[in-house]
Amino acid sequence: RASPAGGPLEDVVIERYHIPKTCPREVQMGDFVRYHYNGTFEDGKKFDSSYDRSTLVAIVVGVGRLITGMDRGLMGMCVNERRRLIVPPHLGYGSIGVAGLIPPDATLYFDVVLLDVWNKADTVQVSTLLHPAHCPRTVQDSDFVRYHYNGTLLDGTAFDTSYSRDGTYDTYVGSGWLIKGMDQGLLGMCPGERRKIIIPPFLAYGEKGYGTVIPPQASLVFHVLLIDVHNPKDTVQLETLELPPGCIRRAVAGDFMRYHYNGSLMDGTPFDSSYSRNHTYNTYVGQGYIIPGMDQGLQGACIGERRRITIPPHLAYGENGTGDKIPGSAVLIFDVHIIDFHNPADPVEIKILSPPPETCNETAKPGDFVRYHYNCSLLDGTKLFSSHDYGDPQEATLGANKVIEGLDTGLQGMCVGERRQLVVPPHLAHGESGARGVPGSAVLLFEVELVSREEGLPTGYLFVWHEDPPVNLFEGLDLNKDGEVPPEEFSTFIKAQVSEGKGRLMPGQDPEKTIADMFQNQDRNQDGKITVEELKLKSDEDQERVHEEL
């Protein structure tokens with residue numbers, strides 16, 4: 001400063017007329033700096049400018065390579081700070097000056113902006129800007145990474161960005177594909193993490209810089225978002241999110257499975273969901289119908305299980321990706337809910353829930369007419385149908401194709417009062433197409449209780465005698481003894497045999513219709529009456545047919 005008497009300056013005068021809001025470091029003795037400046041005399045006449053040369057000053061501070069006044073004036077300076085320096089002659093070029101440029105005993109005025117500072121002792125500086133809540137793995141040497149970045153110089157000047165290319169930067173870490181500082185700065189990073197990485201020039205592009213965008217000796221700043229990471233040696237990773245109790249069967253290769261899924265990239269970006277289609281994904285497991293990683297990841301799963309399957313790209317869609325939602329070399333994450341699975345060779349699974357209350361000597365068999373209550377659901381618990389909703393039990397004749405094959409099989413062998421659980425695979429239920437309210441290829445779960453059973457009749461019979469029929473059957477049928485039997489007489493006679501316990505009609509059918517069908521069978525000339533010549537027992541007809549075949 002000038003003395004009160006107006007004497008010469010004793011030291012450099014520093015005016016900090018622009019100070020950045022943040023200053024992570026200040027220039028110290030021995031630092032390497034890059035700066036622009038304008039140099040003028042007291043009258044404003046310019047004697048030098050780095051701007052005119054379009055070249056920054058790049059030099060080490062405090063080791064005698066600058067005039068003393070500039071060395072002192074740069075101390076404590078921040079990147080992007082602007083200073084005005086007044087350098088007295090004895091701290092500038094003194095009484096000698098610089099021939100043709102700076103006269104002797106000249107006071108020099110410098111307008112300086114600092115753009116970069118680093119030191120040979122510097123390392124890569126890493127700041128975590130955002131850390132994801134879930135970190136399945138971190139970057140290690142030899143991993144393959146996909147990341148977005150914005151690259152700037154230390155003063156904020158942008159030189160490159162992956163976002164402008166609408167694609168991530170994909171590369172191996174620690175294999176010489178990146179500048180050393182980026183190799184170091186990515187280590188330990190989680191998918192979805194955001195980092196600020198500051199790299200000194202000797203770990204970046206050094207003295208040569210890079211093209212026209214990165215000058216020599218430039219520190220680089222990268223704002224990085226890691227999208228995903230994998231290693232070529234990675235296998236499928238499984239994480240059980242929910243395991244239902246009582247898992248007695250696990251999926252194996254060859255099973256047919258129905259499952260829901262949400263698919264996302266490693267940074268959480270969704271790419272597909274079965275829920276959006278309101279339909280399960282249905283496929284064979286371990287048969288090559290789906291990507292290899294999913295084929296592996298579904299095996300060993302239980303019905304009702306929820307699991308997370310992380311699939312490296314070499315077991316997914318590889319370097320090329322697929323469509324516009326799965327980029328090349330992408331790690332895929334599937335959150336899967338197993339709805340059901342079965343094998344095409346599966347039989348009906350039968351489990352007795354409660355035995356009959358009394359000793360049972362006769363069980364339901366094909367041809368029997370049964371009445372039963374049932375609840376039907378999918379294996380994930382979704383309720384489908386219940387006889388209780390209708391109040392009355394369901395009725396069916398077993399073996400008559402009146403119910404799905406698996407339910408028919410499961411009802412056979414039951415005693416009245418017995419309760420069973422039946423697991424019916426789709427090939428014994430409603431198949432690939434499903435039915436109203438039943439999805440295609442769905443495994444069905446039944447809880448059934450046999451309410452009653454009536455013994456069926458032999459195939460082809462509408463009525464059977466409990467004992468030998470009357471010796472003269474026609475006389476019994478011909479109630480008015482006129483030599484012919486009309487429908488009314490036929491019906492009256494058959495009903496009497498049933499009421500007296502001498503015979504029984506086919507169960508589960510309308511008696512009137514059954515009797516009408518019997519009459520129709522006997523009225524061979526279809527004239528509305530049966531004569532003695534037309535009347536034949538079913539057993540006699542069958543015997544005659546055997547003789548004819550012989």
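The values are calculated or read from the model by the stated rules, or taken from the named source; none is laboratory data. Keep in mind the model is a prediction, meaning the values are calculated, not measured. Neighbour counts run over all protein chains shown; Cβ positions are idealised from the backbone, glycine included. What goes into the accessible areas is simple: the full protein's heavy atoms, side chains included, and nothing from ligands, DNA or RNA. Shrake-Rupley method; radii C 1.70, N 1.55, O 1.52, S 1.80 Å.
Laid out as a table, the results:
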{"item": "Relative contact order of region 405-503, defined on C-alpha pairs under 8 angstrom at six or more residues apart (%)", "result": "21 percent"}
{"item": "By average C-beta atoms within 10 angstrom, highest first, the peptides 217-227, 170-180", "result": "217-227, 170-180"}
{"item": "Helix 511-522 vs. the chain, principal-axis angle (Cα, 0 to 90°, nearest 10)", "result": "60 degrees"}
{"item": "Lys/Arg +1, Asp/Glu -1 at C-beta; region 60-218 dipole; positive extreme among THR168, GLY69, ILE199", "result": "GLY69"}
{"item": "0 to 90° range, to nearest 10: angle between helix 538-549 axis and the chain longest Cα axis", "result": "80 degrees"}
{"item": "Sequence-separation-based contact order of the chain, relative, with Cα cut under 8 Å and 6+ spacing, percent", "result": "8 percent"}
{"item": "Assigned charges on the beta-carbon of Lys, Arg, Asp, Glu; region 392-550 dipole about Cα centre (debye)", "result": "740 debye"}
{"item": "Loop-resident sites, region 191-269, for trypsin sites (Lys or Arg not before Pro), counting at most 11 other Cβ within 10 Å (DSSP)", "result": "LYS208, LYS233"}
{"item": "Column: log10 I(q)/I(0), Debye, Cα scatterers of region 237-338, q = 0.14, 0.17, 0.20, 0.22 Å⁻¹", "result": "-0.51, -0.75, -1.04, -1.24"}
{"item": "On Cα atoms only, tilt of 487-499 relative to the major axis of the chain in degrees", "result": "80 degrees"}
{"item": "Spatially proximal aspartates and glutamates relative to LYS325 (Cα-Cα < 15 Å; intrachain offsets below 8 disregarded)", "result": "ASP166, ASP228, ASP267, ASP272"}
{"item": "Helical contribution to [θ] at 222 nm, DSSP H n ≥ 4, -39,500 (n - 2.57), averaged over the chain, rounded to 500", "result": "-3500 deg cm²/dmol"}
{"item": "The chain, Rg to Rh (Cα coordinates; Rh as Kirkwood inverse mean 1/r)", "result": "1.42"}
{"item": "Percent accessible area from carbon and sulfur atoms, region 235-354, protein chains only, probe 1.4 Å", "result": "49 percent"}
{"item": "Cleavage-rule hits (chymotrypsin sites (Phe, Trp or Tyr not before Pro)) in region 1-85: DSSP loop, at most 14 neighbouring Cβ within 10 angstrom", "result": "PHE41"}
{"item": "Pairs beyond 20 Å (Cα-Cα), from LYS21/LYS46; LYS481/LYS536; LYS502/LYS538; LYS402/LYS513; LYS495/LYS538", "result": "LYS21/LYS46"}
{"item": "For region 228-297: span of alpha carbons on each principal axis (Å, largest first)", "result": "35, 32, 28"}
{"item": "Ranked by how many other beta carbons lie within 10 Å on average, peptides 306-312, 60-66 from highest", "result": "306-312, 60-66"}
{"item": "Neighbour-limited loop hits for GluC sites (Glu not before Pro), region 367-458 (at most 16 other Cβ within 10 Å; DSSP other than H, G, I, E, B)", "result": "GLU432, GLU455"}
{"item": "Solitary cysteines of the chain, where the nearest other Cys Cβ is not under 4.7 Å", "result": "CYS376"}
{"item": "Region 237-338 - accessible surface per residue (Å², probe 1.4 Å)", "result": "48 Å²"}
{"item": "Percentage of interatomic Cα-Cα distances in region 173-250 larger than 17 Å", "result": "62 percent"}
{"item": "Protection-proxy order for peptides 361-370, 268-277, each taking the mean of Cβ atoms within 10 Å per residue, highest first", "result": "361-370, 268-277"}
{"item": "Rg ratio (alpha-carbon, reference 2.2 N^0.38 Å) - region 463-549", "result": "1.08"}
{"item": "Cα-centre dipole for region 120-192 with unit charges at Cβ (Lys and Arg positive, Asp and Glu negative), debye to 20", "result": "100 debye"}
